[in-house]
1. Name the pairs whose Cβ atoms lie under 7 Å apart, with the first residue in the stretch 107-122 and outside any helix (DSSP H, G or I), the second open to solvent by 10 Å² or more (accessible area, probe 1.4 Å), and 6 or more positions between them or separate chains?
2. Hey, does the stretch 109-123 have a residue that's modelled with pLDDT of 90 or more and in contact with a His (Cβ under 7 Å, 6 or more places away or on another chain)?
3. Within the set of pairs 6 or more residues apart or between chains, which connect a residue that is in a loop (DSSP other than H, G, I, E, B) inside the stretch 136-153 to a residue that is at pLDDT 85 or above with Cβ atoms less than 7 Å apart?
4. For the stretch 68-106, enumerate the residues that are open to solvent by less than 70 Å² (accessible area, probe 1.4 Å), within 23 Å of Asp131 (Cα to Cα) and more than 16 Å from the chain's Cα centre (by Cα).
5. Give me the pairs, please: first residue somewhere in the stretch 84-100 and farther than 12 Å from Glu143 by Cα, second residue anywhere and assigned to a helix (DSSP H, G or I) and among the aromatic types (Phe, Trp, Tyr), beta-carbon distance under 7 Å, and either six or more positions apart or on two chains.
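The values are calculated or read from the model by the stated rules, or taken from the named source; none is laboratory data. On a predicted model such as this, the values are computed, not experimentally measured, just so you know. Note that each Cβ is placed from the backbone with ideal geometry, even for glycine, and that neighbours are counted across all protein chains shown. Note: areas computed on protein heavy atoms with side chains; ligands, DNA, RNA excluded. Shrake-Rupley method; radii C 1.70, N 1.55, O 1.52, S 1.80 Å.
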Amino acid sequence: MSVLRWGAVLLVLAAAVSCSGDDDGGTAPPTSTTASTAPTPTLTGDGSAFCTAMLALGRGTGAEGSTPAEVLTANQELVAHLDEAQANTPEDSPPDLDALLDDYRVAAEAIAAANGDVEAAFEALSAEHPDVVARLGSESSHEEAYAFLATRCASNTP
């Protein structure tokens, strides 16, 4: 799993797909599974509005234990970060990045339409947009976008 593949587990996915959240407030999973004593890298980005928004997306927490109102509030924050990222997308970004952000937006819209009921949102998303569910749940989808994000926004500072 790449350093920024955690981005696929944004609030949208944590809420709509897995309904679990174990975010620790802004750190990514260790980049190596062989060194248990290695420090967890902190992703700081390059300071741009784009990277700041993308990293904020990845810091979203899951829906486990959250009320529908809390899920809606977090979902609104996610949409604001999506808006910021899309408004500041670098010119050299791959087209796949727009597709990834669009997939996140479709999932966020499902959560909003279900009034924060994550189970209902996932059911609706699965029925209406099975392609989005498949892409967001796949380790191999949006590879070009994740590679761009890792190159542009990842900065490991243990």
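1. Ala114/Ala120; Ala114/Ala124; Asn115/Pro68; Asn115/Leu72; Gly116/Pro68; Gly116/Ala69; Gly116/Leu72; Asp117/Pro68
2. no
3. Ser141/Arg135; His142/Asp96; His142/Ala99; His142/Leu100; His142/Arg135
4. Ser93, Pro94 - these are the residues of the stretch 68-106 that are open to solvent by less than 70 Å² (accessible area, probe 1.4 Å), within 23 Å of Asp131 (Cα to Cα) and more than 16 Å from the chain's Cα centre (by Cα).
5. Short answer, once both residue conditions are applied: Ala85/Phe50; Asn88/Phe50; Thr89/Phe50; Pro90/Phe50; Ser93/Phe148.
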